[in-house]
Every structure is written in C-alpha cells, then in structure tokens.
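The values are calculated or read from the model by the stated rules, or taken from the named source; none is laboratory data. Just so we're clear, the structure is a prediction, and the values are computed from it rather than from any experiment. Cβ coordinates were reconstructed from backbone atoms using ideal geometry, including for glycine residues, and neighbour counts include every protein chain displayed.
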Amino acid sequence: MINRVVAFGCSFTYGSGLPGCKTGNNTTKISSKPAKQSWPFELGKLLNVEAVNKGVPGSSNIEILYHILNFDFQPNDFVVVMWSLPNRDMHFISGTKKIKPYRQLGVWMSARSGYIAEWLSRVEPVDSIIKSWLYMHHADLYLKSLNLKYIHFPAFPHELSEHRPDFIGPIDNLYTDGISCIDECKNDRHPGPLSQIETAKTIQRILKDNLSK
C-alpha cells in the first residue's frame, strides 16, 4: 500500500518552465512552489495518492542526497529519486541557521562567479560522475534501511553510464528510462506538459512491475 509519492530531483522534477512556474533563464526568480503539472503530481494523480515534490532547481546530486537524508519519511511512502546532471556541486555555509545552509555551484553562475564556472568546466567528467555514483549508493543504503519502496530514476542516465566505478556494487531499483522529452516548455528548454505526463506513466509502470514481483 502506498500513501504518498515523494520525489527528489532538480528543475526536471520541480517543473521549471511549466505554467505558473517561471524559471526561464538563470536570472529569472523561481516560484515558491513546484509546478502542479510536474511529473510527481501527475504520478500522484495516476496512483490516486498525495504527492510531495522536493525538487529544487539547479540541484546537484549531493544536494539531492542532502534533501533525502533530511526528509521525514512515512512508512508507506513511495520514493522516486530523479538524479540530476553530474557536473554540479554545492558548498555548505557556516554561521547562522539558514533555510538552505549551502550554496549551489553550477556552470550557469558564470555571470556572477566566473571562476566557479571555469573550475567546473575544467573538472574531468569522470570526477563528477564517480561522485554521483557514491551519492546514489549512499541514498540506496539509506532508503533500504528505512524499508521504503523506492526507485532511482536518473534524468539523463547516459551521463552516469560513462564512468560507472567497479568498486560500487549493484544499486537496487535503478532504472535507466530517463525523463521523457517529447515536448518543451514555451520559452524554456525544460520538458513540457506532455513529457511530464509520459514520465509519470513510465514510473507508474515501473511501480506496477515491482509490486507484482
């Protein structure tokens, strides 16, 4: 029995570019809530359960892991982790308590912090990809320890498949379908409404296959 869908990810999970969720380019202020047409809410409709969208635009994979470890799960949650692009990072901030005690690091920051974009562009892909596998492995062990139903669903699995490290064993419930990209948001390159629905349907099929085993 499933009571909630809980989704983690970046802008592809948050629903950037969808109606009511303006994110456009990197200078546009994001809305305060995820888009109602994003795939987590579409999946909630298909399963007729509550959906909790914990996607954060610009998230790195370590940031996604951070949110997983800090979330208050319930016993009957179905967790979907849509891992992001590997070449992102973040750093933690000391001092006073903050809603987000860290800052995102991404190549889109070139206008504000050119050295950050330059550094990220020079890091070898193998570095960020292997680190992403470490984050996935940690999340897998953690979610398994909670006896939750969960799947790993990377947005772009081909990015991760290039440098899978031999020292990390099999990760349970890893699916490489990837997010559907059959349409784009208006004035935005993020997946559009049809892509969100198709992604939700794909995850629904995966869940049904898991429950039938």
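Remarks
- Verdict on Val49 being among the hydrophobic types (A, V, I, L, M, F, W, C) and touching a strand residue (DSSP E or B) at 6+ places or on another chain (Cβ under 8 Å): yes
- When residues in the stretch 165-176 are screened for being surrounded by 14 or more Cβ atoms within 10 Å (Cβ to Cβ), in a loop (DSSP other than H, G, I, E, B) and under 15 Å from the mean Cα position of the chain (by Cα), 1 of them pass.
- Of residues in the stretch 111-164 being modelled with pLDDT of 90 or more and more than 19 Å from the chain's Cα centre (by Cα), the one surrounded by the most Cβ atoms within 10 Å (Cβ to Cβ): Leu146
- Flag if Phe156 is among the aromatic types (Phe, Trp, Tyr) and touching a residue at least 60 places away in the same chain (Cβ under 8 Å): yes
- Selection within the stretch 68-87 - of a type in the set (A, V, I, L, M, F, W, C), surrounded by fewer than 24 Cβ atoms within 10 Å (Cβ to Cβ) and not in a strand (DSSP E or B): Ile68, Leu69, Phe71, Phe73, Leu85
- From the options Ile171, Ile206, Ile197, residue that is in contact with a Ser or Thr (Cβ under 9 Å, 6 or more places away or on another chain) and of a type in the set (Val, Ile, Thr): Ile197
- Identity of the residue in the stretch 46-99, within 17 Å of Ser11 (Cβ to Cβ) and among the aromatic types (Phe, Trp, Tyr), that ends up nearest to the chain's Cα centre (by Cα): Trp83
- When Pro101, Pro57, Pro86 are screened for being touching a residue at least 60 places away in the same chain (Cβ under 8 Å) and of a type outside the set (Gly, Ala, Ser), only Pro86 passes.
- Residue within the stretch 49-60 that is in a helix (DSSP H, G or I) and at pLDDT 95 or above present: no
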